[in-house]
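Down below is the structure, laid out as structure tokens.
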Amino acid sequence: MKKIQLILLMLSAISVTHSLSAQKFYLDFHTGYAFRTNSQTLSLSNYSYVYSGSSYIENYDQVYVSLGKGVNFGASLGYMFNKNIGAEAGISYLIGGKFEDNESSTSFYTTTYNSVQSHSLSAKMFQFNPAIVLTPGFKTINPYAKFGVLITSGSIKYNTYTNNNGSSITDQTQKLSGGIGFGITASIGALYTLSKKTSLFAEITSINAAFAPNKGEITKYNYNGIDQLPTMTVSQKEIIFQNHYIQNNSPSTSEPSTALKQRYPMSSIGINIGLRINI
Amino acid sequence: MMKKIFYKLCIVLMLGLFTGNLSAQGFYATINAGYGCSLSGQNSDIVNASGVIYPYVFYADNIYYPGYNFYQSYDATQVYLSLGKGVSLGGSLGYMLNKYVGAELSINYLLGAKTTGTGHMTYTGGAYGYITTESLSAKMLQIKPALVFTTGMDKINPYIKFGVVANSGTITHSTNYTGDSSYSYQEQKLNGGIGLGFSASLGATYKLNKKFSLYAELQTNNLSFAPTKGEIIKNTYNGVDQLPSMTVSSIKTDYVDHYTLINGSNNSEPGKALKVKYPMGNVVLNIGLKINL
């Protein structure tokens with residue numbers, strides 16, 4: 001009986017050792033939050049102007065934007081070629097955080113006058129991330145690093161609201177989409193083995209990417225609460241973004257207008273936590 | 001919550017670093033050179049454009065606004081800017097905690113390439129118009145502490161590095177204008193401040209002997225740089241230096257995240273403006289020599 005137990009113990013040990021050193025597939029599920037990096041100064045900034053008749057005060061505040069900021073969740077399928085090197089392909093969805101600014105102008109001279117303009121910008125993106133994985137292959141706590149590329153696509157929502165002393169109020173939303181953004185990702189993290197089958201992991205991920213949508217459409221345009229979209233021409237509502245375009249002085253109003261592509265920063269540094277299942 | 005997770009992750013990583021095979025501990029030094037292509041480049045004011053413009057356009061108030069162009073035709077090409085583009089030279093000092101994990105500190109000098117946009121406008125009827133050329137480039141010193149993960153293989157040893165990058169230096173912004181009756185040139189230096197970001201590399205060392213290895217790596221730097229000071233160091237109009245007649249506020253600029261003006265600005269002090277972040281993102285192909293010390 002003791003011999004059988006000893007043999008079983010040895011087999012188990014061999015099995016565990018083998019599983020650590022041999023090829024194997026794994027699946028992981030993760031979620032996390034990313035902060036902006038490589039952010040840029042777009043057209044967003046906070047500004048206030050107050051005029052009292054004898055003097056005026058202006059306040060300026062910069063707003064740094066990277067649409068890679070936000071919550072993400074996803075899954076990866078990976079394969080370890082040996083205990084040190086692997087490759088994985090991950091898919092994730094980014095629910096981007098909002099960037100906002102506010103510009104106001106107030107005058108207390110003779111009569112009070114106040115005008116406000118605010119903008120907001122956010123993105124929702126699918127991200128595909130193939131990567132190479134290196135790890136020392138430790139048993140209980142196993143650090144690792146990943147390096148890969150990022151392919152991203154989705155939409156950016158750009159909202160503009162203006163209120164001109166209550167007499168004219170506009171509310172406009174533009175959706176920017178199409179095209180694919182590319183970048184490079186890198187992560188460091190560690191796996192904590194729960195059982196032969198499952199591990200928890202936590203990692204820090206850096207994404208260095210940008211996204212240039214190739215079309216835009218105004219999806220909402222209200223003036224004093226009345227929908228203006230039915231009266232707008234195609235060229236006013238739709239826009240095609242190109243790296244190069246030629247325009248004459250009488251562009252057609254029945255076709256989308258054209259403009260140069262605008263790249264939006266998508267870079268971030270984030271913390272992800274997740275569960276890995278060895279298949 | 002996030003902080004707790006971050007600290008726990010750090011502890012887990014540190015535990016991982018000091019566990020395992022200690023036989024490969026040792027210091028090493030590297031020297032490397034490479035070229036960086038722009039990554040996550042952004043739009044700036046720089047574009048390549050050509051067009052035909054109406055020479056004289058008057059508004060109803062009979063005033064000509066020279067800043068406004070009315071195009072008969074316009075041909076524009078976008079120019080994406082990342083000042084991380086260019087030649088990178090550097091070296092590092094590292095220490096392998098064991099066969100698989102190490103830490104290193106590297107210093108690089110980025111000799112940034114120029115990004116240029118040219119505007120060429122002619123007046124209707126073919127009359128000569130003007131040419132503008134605007135360019136930006138950077139020279140930066142970068143410090144990169146990083147963790148190193150290797151497979152511990154003998155002859156060809158793949159590795160990944162992950163760390164932070166601190167970056168400081170100077171951006172040169174020049175504008176050249178040549179019109180039918182005048183020409184001008186302006187050069188501005190932008191410096192001060194430190195850009196922070198993240199750096200990662202994927203590469204492999206090729207062992208030549210016990211002491212030396214060659215390596216090649218693909219490195220990505222994820223950062224931007226917002227200078228805190230700007231100064232116009234050259235401004236000529238038809239060849240005549242304009243700097244002596246310019247006010248301090250038009251020559252020098254302090255860039256800040258927030259500022260307040262009361263009844264306008266003071267001409268005898270540097271002007272104030274909101275900071276502008278310049279993209280420094282790149283992907284660099286480095287080759288180098290590793291020396292085990």
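The values are calculated or read from the model by the stated rules, or taken from the named source; none is laboratory data. As the structure is a prediction and not an experimental result, all values here were calculated from the model. Please note: Cβ atoms are built from the backbone with ideal geometry, for glycine as well, and neighbour counts cover all protein chains shown.
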Does A:Ser167 fit the bill of being more than 7 Å from chain B (Cβ to nearest Cβ), out of contact with any Leu (no Cβ under 6 Å at 6 or more places or on another chain), farther than 24 Å from B:Ser201 by Cβ and surrounded by fewer than 15 Cβ atoms within 10 Å (Cβ to Cβ)?
yes
State whether one or more residues within the stretch B:155-170 are part of a loop (DSSP other than H, G, I, E, B) and either without any contact (Cβ under 8 Å) to a residue 12 or more places away in the chain or more than 15 Å from the chain's Cα centre (by Cα) (or both).
yes
What's the number of the condition A:Thr231 fails, among (1) under 30 Å from A:Gly166 (Cα atoms); (2) within 14 Å of chain B (Cβ to nearest Cβ); (3) not charged (D, E, K, R)?
(2)
Which is under 29 Å from A:Tyr64 (Cα atoms), among the hydroxyl-bearing types (Ser, Thr, Tyr) and within 14 Å of chain B (Cβ to nearest Cβ), of A:Thr185, A:Thr173, A:Thr193?
A:Thr185
When you check B:Gly119 against the structure, is it buried (at least 19 other Cβ atoms within 10 Å of the Cβ) and small (Gly, Ala, Ser), yes or no?
yes
A careful count of residues in the stretch A:241-279 that are over 20 Å from A:Tyr93 (Cα atoms) and within 13 Å of chain B (Cβ to nearest Cβ) gives 17
Criterion: surrounded by 15 or more Cβ atoms within 10 Å (Cβ to Cβ) and within 11 Å of the chain's Cα centre (by Cα) - qualifying residue of A:Gly70, A:Gly78, A:Gly86, A:Gly90:
A:Gly70
Matching residues in the stretch B:72-100 - criterion: being assigned to a strand (DSSP E or B) and over 21 Å from B:Ile143 (Cβ atoms)
B:Gln72, B:Ser73, B:Tyr74, B:Asp75, B:Ala76, B:Thr77, B:Gln78, B:Val79, B:Tyr80, B:Leu81
Subset of the stretch B:263-292, residues more than 10 Å from every other protein chain (Cβ to nearest Cβ) and touching a residue at least 60 places away in the same chain (Cβ under 8 Å), comes to B:Val284, B:Leu285, B:Asn286, B:Ile287, B:Gly288, B:Leu289, B:Lys290, B:Ile291, B:Asn292
Residues satisfying the stated conditions in the stretch B:101-131, i.e. farther than 27 Å from B:Pro158 by Cβ, under 21 Å from the mean Cα position of the chain (by Cα) and assigned to a strand (DSSP E or B):
B:Leu111, B:Gly112, B:Thr115, B:Thr116, B:Gly117, B:Thr118
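Quick grid of which residues meet (1) modelled with pLDDT under 95; (2) closer than 30 Å to A:Thr41 by Cβ; (3) surrounded by fewer than 16 Cβ atoms within 10 Å (Cβ to Cβ); (4) touching a Cys at 6+ places or on another chain (Cβ under 8 Å):
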| site | (1), (2), (3), (4) |
| --- | --- |
| A:Val63 | yes, yes, no, no |
| A:Leu94 | no, yes, no, no |
| A:Ser104 | yes, yes, no, no |
| A:Tyr109 | yes, no, yes, no |
Across the stretch A:115-143, what is the total count of residues that are touching a helix residue (DSSP H, G or I) at 6+ places or on another chain (Cβ under 9 Å), at negative phi and surrounded by 18 or more Cβ atoms within 10 Å (Cβ to Cβ)?
5
Just wondering, is there one or more residues in the stretch B:132-144 that are at pLDDT below 95, out of contact with any helix residue (DSSP H, G or I) (no Cβ under 7 Å at 6 or more places or on another chain) and not in a strand (DSSP E or B)?
no
Could you check the stretch B:190-254 for strands (runs of 3 or more DSSP E) lying wholly inside it with 1 or more residues that are within 25 Å of B:Gly281 (Cα to Cα) and away from every other protein chain (no Cβ under 14 Å)?
B:212-225, B:229-237
Residues in the stretch A:247-261: is at least one in contact (Cβ under 8 Å) with a residue 12 or more places away in the chain, exposed (fewer than 13 other Cβ atoms within 10 Å of the Cβ) and under 25 Å from B:Ile46 (Cα atoms)?
yes
Among the residues of the stretch B:187-203, are any touching a His at 6+ places or on another chain (Cβ under 6 Å) and farther than 30 Å from B:Asn98 by Cα?
yes
Test of understanding: among B:Ile5, B:Ile31, which residue is at the interface with chain A (Cβ under 9 Å from one of its Cβ atoms) and either modelled with pLDDT under 50 or surrounded by fewer than 17 Cβ atoms within 10 Å (Cβ to Cβ) (or both)?
B:Ile5
